[in-house]
Amino acid sequence: MKVHLRKRKQSKDGSISLYLEIYKGFVKSEDGKTKNLRSYEYLNLYLTDNPKTSREKQSNKETLELAEGIKAKRTIEIKSGEYGFNTDHNQKANFVSYFEVQTEKRKESKGNSGNWASSLKHFKIYAGESILFKEIDNPFCQGFANYLTEKAETKSGNRLSTSSINSYFNKFRACLKQAVKERVLLSNPCTDVSLPKVVEGERVYLTVEELKLLVKTKCRYEVLKKAFLFACLTGLRWSDIQKLVWSEVQKNDDEWRITFHQKKTKGLQYLDISVQAREFLGEQGALEERVFTGLKYSSYMNVELTKWMLKAGITKDVTFHSSRHSFAVIQLDMGTEIFTLSKLLGHSEIKTTMIYSQIMDKKKKEAVNKMPNISL
């Protein structure tokens, strides 16, 4: 909610009337149109239009100062919840419509929009198409968290992972936080809601020996094979490989580098790549042309990835993202220190990279247990 001091010229005597315009947010109508909610307070204060004398100018100055003082007072009253804030339009507005608007605003954020859409979808299953702001309290919020934990399912009919539960609920929490910021709500009712602890899923990776098998094994889609092996040698995410264009591939003397903005974080990254990795890119194309033309995220590509693995004798549950895990594990296995690996992977926090150190600890235990029996 915001307060604006407005002026309106009076037609009769030509004076200028001062009033406050109080913006209270918006609601979405049944036909999908967004309606701004405003109220007005007329101050019974007037300015002289085009003042000529010093007296008129001084009077206008004093009147404006008084109006600004009232505006400041109303702003303080609104922030403290004393000025019609918890009533009328705000509490009777449809929260689902507000949630839809907030989700729509995140559409440009590819790494985030999907989770917002999923959160909204599950919220509608839980609460329906219409729920008023005044109906959302702490028990209601805890109920949504319980629904995500105990009842919500994926498209394949499986229960949500703990990371998905936390992600979807946090989008709902962020929506309420935005409502508080815009003064639609006085406080966030889900502050103390408990969620299950995130359990990290297993990171499937391939060994160097398995990668050698894949190089020798034919894949139905050559572009998929090249892209996957390139990802194993660089650690790039699918989203960055899929959008990679030739202008981002640069050569300096005999060294190759990719300069690009990460699709997930939007951060600019300079990634040096090996000559071997460059070979999987193929022949240079036009600067604006995609490097891996024809590479698409689809069910048939995923099926062919699985078939390719099986042809190579690999029975692990491999996804395209396993290439990134493979790069990280092999780098650590070859002695790359964790800070350098974090930079190569484009992680914003070192703790994200530390997960691969835990995988390496398991590998060491596996290696020790593979020692032959030397008992007589």
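Rule-based calculations on the coordinates, nothing more; no lab input. For clarity, every value in this text was computed on a predicted model and none was experimentally measured. Here Cβ is always computed from backbone atoms with ideal geometry, including for glycine, and neighbour counts include all displayed protein chains.
Of the trypsin sites (Lys or Arg not before Pro) found in segment 156-228, the ones in coil according to DSSP and having at most 12 other Cβ atoms within 10 Å of their Cβ are K197, K218.
The C-alpha atoms of the chain define a longest principal axis, and helix 322-333 lies at about 70 degrees to it. Rounded to a whole number of µm²/s, how large is the Stokes-Einstein D of the chain at 25 °C and 0.890 mPa s, given Rh as the Kirkwood radius over C-alpha pairs? Estimated diffusion coefficient is 94 µm²/s.
If you wrap the tightest convex hull around every Cα atom of segment 280-374 and split its volume per residue, you get 180 Å³.
The angle separating the long axis of helix 162-181 from the principal Cα axis of greatest extent in the chain is about 20 degrees. Are any of the pairs K155/K307; K24/K243; K105/K151; K33/K177; K35/K181; K35/K107 more than 30 Å apart by Cα-Cα distance, and if so, which? Result: K24/K243 exceed 30 Å.
For the chain, C175, C219, C232 have no disulfide-compatible partner, since no other Cys C-beta lies under 4.7 Å from theirs.
In summary, segment 110-160 shows an alpha-carbon radius of gyration equal to 1.21 times the 2.2 N^0.38 Å reference for compact globular proteins.
Taking GluC sites (Glu not before Pro) across segment 134-211, the ones in a DSSP loop with at most 12 further Cβ atoms lying within 10 angstrom of their Cβ are E200, E202. Each Lys and Arg Cβ is given +1 and each Asp and Glu Cβ -1; about its Cα centre, the chain then shows a dipole of about 540 debye. Our Cα-only numbers for segment 208-369 put the radius of gyration and Dmax at 16.0, 52 Å.
Once the Cα atoms are used to define both axes, helix 54-79 deviates from the longest principal axis of the chain by about 50 degrees.
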